[in-house]
Amino acid sequence: MKIVVRIVQFLFAAVFIFSGLAKCVDPAGTSIKVTEYLQYFGFGMLTDLSMGIAWLLCIVEFICGVNILLGHARHLTLVVSTLLLLLFTPLTLWLALTDAISECGCFGDAVHLTNWQTFGKNLILIVMLALLWTKSELMYRLMGRTFYVFYSYCALGLAVWLCWMGSWREPFIDFRPFTPGTNLKEAVMGEGQEQTTDSDSEWVCIYQRNGVRQEFSLDSLPDEAEGWEFVETIERHADGKVSDDRSKAEPKHIDFFVKTADGEVITDELLSRPGYTLLLLSHSLDKASQHDIDRIELLSEYAGDNDYGFLCLTARDEKQLERWKFNTGAEYPFVFTDASIIETMCRSNPAVMLLRDGVICWKTPLSRLDAEGLTSGKLNEQTSGDIEEINYHNRILLVLFLLFAPFFLFLLVEIVQFLHKQTLINNSKKMRKKIVAGNWKMNTTLQEGIALAEGLKEALAGKKVNCDVVVCTPFISVASVVKAVEGSVIGVGAEDCSAHEKGAYTGEVAANMIASTGAKYVILGHSERRQYHGENNELLVAKLQQALANGLTPIFCVGEVKEERVNGTYKEVIEGQMEALYTLSAEDFAKCVVAYEPVWAIGTGLTATSEQAEEVHAFIRASIAKKYDAAVADNTSILYGGSCKGSNAPELFAQPDIDGGLIGGAALKVDTFMPIIEAWK
Ligand code: 13P
């Protein structure tokens, strides 16, 4: 399951990152789509906000992708991704059903999907998202929090920079057909063909309205104000078929036509004009910025002096044209095409494009045109009249570099840090004894105990054992078990000892009696003794002193009950229990082993997670360091106890501060005890 969730996590992230970036490089294109949606749904008054909405959409989508990739800010990111999908999936279904807008634009101009394809893609994303919601805890966290914060700022910076570049210039990476170097004449008409209206074939435009497509001849195009949306141009033969030649020229074919005010198609004439032609482009004269209007004058004069063609190519709208002429005093000629074609040619409004023999040399927003350079003859990339070289492949590589370089850099630093920490941990872990100790509790008769000890001895014989193995048995068995395991690596201990040295304490067993059997360990302060026999720190201090005075190694147990874990007081409780040990000198303390046994995990099958256990172990070690010093803390073995089994021991023992286990139920059978010992590889 984990692997499935992680594959889904990375695929989902890849789609969001790609679609976010594809739109970030061309926010103007995204804003055109946003405008289309707003107008269609009757929110035309909000179209001034469409550029802001475009920025927000693509940046949010990109950052969601980055967060999912890194597995951080999961809840918020999943909420935002869900909202995006809940908004766009019904929208794309509606688009697919009605064909009201020809393309949703979810990957900008980088990848064109039909509305049904987009809807299918969104459904797959929803299924992926549902899995991420239900199994978000299994998502991979690729970086620590600090590096995540750094990286998300880098990613945000990249997205904002791309949007900025694309908003005030042409798209940083341009996936549209009108790039410098494009031979428009060939791409529009196919080699050796003419786009005319008087042959046996006819160039027609496909428009759609309310999902209905209709063909219009070039001299009777419909009014966009009436809701018609331009789709493409095609060459229709007299027999009704679409030209084969045109479909052969397909990948290069560009939708483009130019007409005069009289409706005469002059595409061929314009693109066949030898030499230079300057085109002033405006998809909407009413919306064109009038800041740099004086540059147009300079340009048209320059064109006249140097025998350049100079035309303003705009969408046909008589009122707008009159207003423009009135406001700017324009005397240059106007020709017409569809607004969406002009928006595809150049995102800014107005813009200037230079053609040489039908080939695009460069295009630029009017505001960025070096008009003075052009008219004074100073050469630069615009004024030299050469084809501007924009290497989009290099730009794609740059974006990928900016996206992945900090990512891999941070990841590398983090891996180095992790390895360094691991080495430190391993070194300090090496100094401590690793121990797996069994606590048989009140479960074995003398014979059963001897048989269990012999079985364990046999299982361990000849094996390389990487930890100390101890069995703590009921008093009745201690002496016999010591004998039974003679000659093996197994150490033996008791489960308790008296707080008194000797005397009239009927039923008690003194530490020196335990030591006299050859046993070396004694468990003290086990939660069951605290619970059923009311053992407290005062008593335990006396027991500790007896054990140490008789050369026994105390395995001193601490641990909280469930309520203390739930109400968050567990650390104070454990610190309080440790006080009994802290009455010892550093020298005596160094002879003890600590066992953390959360009471709620003992015999319940509920193991503390390795993170929960490690948290407390690290806390205990830090507390020892505070009481004594770091060296004493580093040398103290701290064992974990509570439903420890062969299946969870490796993960628990891999924690930096867990040095072994104190095992109850699983220590009663050789078969279940051995895998825990073997967890120390
Ligand atoms: P279990 O391993 O049976 O949970 O018991 C743990 C324990 O109390 C060891 O002292």
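General observations
- Sorting the segments 134-142, 429-437, 511-519 by their mean number of nearby beta carbons within 10 angstrom, highest to lowest, gives 511-519, 429-437, 134-142.
- Hz values of 3J(HN,Hα) by residue in region 527-543 - Karplus curve (6.51, -1.76, 1.60), Gly and Pro given as x: 4, 5, 6, 4, 6, 8, 10, x, 5, 10, 4, 4, 5, 5, 4, 5, 5
- Extending 7 Å from Cα along the Cβ direction at Ala631 and again at Ser647 yields two label points whose distance is 4.4 nm.
- Whole-angstrom Cα spans of the chain along principal axes, big to small: 125, 54, 47
- What the phi angles of region 551-559 give under the Karplus curve with 6.51, -1.76 and 1.60, with θ = phi - 60°, is a coupling list of x, 8, 8, x, 9, 8, 9, 9, x Hz, glycine and proline written as x.
- One Cα centroid belongs to region 47-113, the other to region 448-514; the line between them spans 68 Å.
- Distance between region 149-168 and region 309-375 - C-alpha centres, whole angstrom: 31 Å
- Note on the chain: antiparallel DSSP beta bridges, both residues inside, total approximately 45 percent of the bridges counted.
- Take every pair of alpha-carbon atoms less than 8 Å apart whose residues are at least six positions apart; their mean separation over the length of region 96-193 yields a relative contact order of 17 percent.
- A 1.4 Å probe run over region 587-681, with the rest of the protein chains in place, finds 38 Å² accessible per residue.
- Distance (nanometres) between label positions extended 7 Å along Cα→Cβ at Val566 and Leu86: 3.2 nm
- Set Lys543/Lys591; Lys429/Lys627; Lys421/Lys457; Lys2/Lys464 screened for pairs whose C-alpha atoms are more than 26 Å apart: Lys421/Lys457; Lys2/Lys464
- Each Cα pair under 8 Å and six or more residues apart adds its sequence gap; the mean of these over the residue count of the chain is a relative contact order of 9 percent.
- Protection proxy ranking for 585-598, 396-409, using the average of other Cβ atoms within 10 Å per residue and placing the highest first: 585-598, 396-409.
- Amide H partners (placed H, <5 Å) of Cys361, local residues excluded: Gly181, Leu354, Leu355, Arg356
- Residue ranges 632-642, 438-448 sort as 632-642, 438-448 when ordered by packing (mean number of other C-beta atoms within 10 Å per residue, highest first).
- Distant-in-sequence amide contacts of Gly309, defined by a placed amide H-H separation under 5 Å and a gap of 5 or more residues or a different chain, comprise Tyr276, Thr277, Leu278.
- Apportionment of accessible area to carbon and sulfur, the chain, percent (1.4 Å): 58 percent
- Annotation: amide H-H contacts under 5 Å for Val335 (H modelled 1.01 Å from N, sequence separation of 5 or more, or interchain): Cys312, Leu313, Thr314.
- Accessible area per residue in Å² at 1.4 Å probe, computed on region 73-200: 49 Å²
- Estimated [θ] at 222 nm from DSSP helical runs (n ≥ 4, -39500 (n - 2.57)) normalised by residues in the chain, nearest 500: -15500 deg cm²/dmol
- Residue-wise HN-Hα couplings along region 444-456, as the Karplus relation 6.51 cos²θ - 1.76 cosθ + 1.60 with θ = phi - 60° gives them from phi, are 10, 6, 4, 5, 5, x, 5, 4, 5, 5, 5, x, 5 Hz; Gly and Pro carry x.
- Cα gyration tensor category, rounded, prolate or oblate, for region 484-561 with a/c compared to 1.5: oblate
- Extension gain, Val416 to Asn306: 0.36 nm times the residue separation minus the Cα-Cα distance gives 33.2 nm.
The values are calculated or read from the model by the stated rules, or taken from the named source; none is laboratory data. Values in this document were obtained by computation on a predicted structure and should not be read as measured data. Counting neighbours? That spans all protein chains shown, and the Cβs are built from the backbone with ideal geometry, glycine included. Note: accessible area is taken over every heavy atom of the protein model, side chains too, but ligands, DNA and RNA are not part of it. Shrake-Rupley method; radii C 1.70, N 1.55, O 1.52, S 1.80 Å.
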